[in-house]
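Data first, discussion second: the structure below is written as structure tokens.
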Amino acid sequence: AAAESPYERGPDPTRSSIEASRGPFAVTSTSVSSWSTPGFGSATITYPTSTSEGTYGAVAISPGFTASESTIAWLGPRLASQGFVVITFNTQSRYDQPAARGDQLLAALDYLTRSSSATIRSRIDPNRLAVIGHSMGGGGTLEAAKDRPSLQATIGLTPWNSDKTWPEIRTPSLVIGAENDSVAPVGSHSIPFYQSIPSSTSKAYLELNDASHFAPNSSNTTIAWSTISWLKLYVDDDERYRQFLCPGPQPSSFGEVSDYRNTCLS
Ligand code: 9J3
Ligand code: ZN
């Protein structure tokens, strides 16, 4: 086999392991009040208890317009139990626009790597960071990657942004749209975002069949397996997960996915 990434964590994945409600790592969570989080609101940090495999990549997750952390909280333990340190947060204002959400995603990562407890900092590799967001938070992931190209992955969940063109993006980006989204219709949001990212940047577009704008606000197996695989492949350079993304799901009108596109660069 090709040389393995030094950042591989956990056992060899299977379809059932990436779809499971929890991964192989036991996790714990800690709350952070808005008084102690510079540049974003109150937050929850969820991380693997084990240190026996070394450090983990870290992921910040923003909710959407008018929404609270609770709407994306399910992703904290879902992703952390696969071997990531995850911070889910409330934005400073529920009305913050995508650019402000992008800044807050970066502030949350900076908090994790510089100001969180020694227990948490010791688990994080500060060079392997990613951002996820729902709706305007998903639009914020593109803003964050434009501002900080050293990010290793972005994932937009039914992302919304008034800026439709992202030729600046150099960070591997997964765009997850919802077929029946009437708030951020895929034809004017997710698909143009995907298409405008350069073909030299690793990118994928996954469309949730028959789903609405709010599909990412509760546990969703398709979002989970694709997000886990994207983070593993690009944050951990873990090639064991490429099998789930390339060629990826075959769209079916009766299945979980109604469209899937991936440049599948090596
Ligand atoms: O974060 C979102 O759900 C964005 C969609 C939205 O309400 O945009 C209207 C300005
Ligand atoms: Zn459909």
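Quick look at the values:
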| read-out | value |
| --- | --- |
| Top-ranked residue of segment 147-175 - restricted to ones that are of a type in the set (D, E, K, R) and under 21 Å from residue 237 (Cα atoms), ranked as farthest from ligand 2 (Cβ to nearest atom) | 148 |
| Candidates 211, 178, 224 - the one that is at pLDDT 95 or above, of a type outside the set (Ser, Thr, Tyr) and away from ligand 2 (no atom under 15 Å from the Cβ) | 224 |
| Given (1) away from ligand 1 (no atom under 16 Å from the Cβ); (2) touching a residue at least 40 places away in the same chain (Cβ under 8 Å), index of the condition residue 213 fails | (1) |
| Residue within segment 76-90 that is surrounded by fewer than 17 Cβ atoms within 10 Å (Cβ to Cβ), in contact with a strand residue (DSSP E or B) (Cβ under 7 Å, 6 or more places away or on another chain) and at pLDDT 95 or above present | no |
| Among residues of segment 213-243, those that are among the aliphatic types (A, V, I, L, M) and in a loop (DSSP other than H, G, I, E, B), counted | 0 |
| Residue match in segment 244-264 (condition: of a type in the set (Val, Ile, Thr), away from ligand 1 (no atom under 16 Å from the Cβ), outside any strand (DSSP E or B) and touching a Gly at 6+ places or on another chain (Cβ under 9 Å)) | no |
| Hits in segment 1-25 - residues which are within 19 Å of residue 152 (Cβ to Cβ) and assigned to a helix (DSSP H, G or I) | 18 |
| Restricting segment 15-31 to residues that are surrounded by fewer than 12 Cβ atoms within 10 Å (Cβ to Cβ) and of a type in the set (Ser, Thr, Tyr), the residue that is nearest to residue 249 (Cα to Cα) | 16 |
| Subset of segment 32-63 (residues that are over 20 Å from the mean Cα position of the chain (by Cα), over 20 Å from residue 128 (Cα atoms) and surrounded by fewer than 19 Cβ atoms within 10 Å (Cβ to Cβ)) | 33, 34, 35, 36, 38 |
| Within segment 223-266, tally of residues that are polar (S, T, N, Q), surrounded by fewer than 17 Cβ atoms within 10 Å (Cβ to Cβ) and either free of Cβ contacts under 8 Å to residues at least 40 places away in the same chain or under 30 Å from residue 127 (Cβ atoms) (or both) | 4 |
| Strands (runs of 3 or more DSSP E) within segment 110-191 that include 3 or more residues away from ligand 1 (no atom under 16 Å from the Cβ) and in contact with a strand residue (DSSP E or B) (Cβ under 8 Å, 6 or more places away or on another chain) | 124-134 |
| Members of segment 201-223 that are touching a Leu at 6+ places or on another chain (Cβ under 8 Å) and small (Gly, Ala, Ser) | 202, 204, 215 |
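The values are calculated or read from the model by the stated rules, or taken from the named source; none is laboratory data. All values derive from a computational prediction rather than experimental measurement. In this analysis, Cβ positions are derived from the backbone assuming ideal geometry, glycine residues included, and neighbour counts consider all displayed protein chains.
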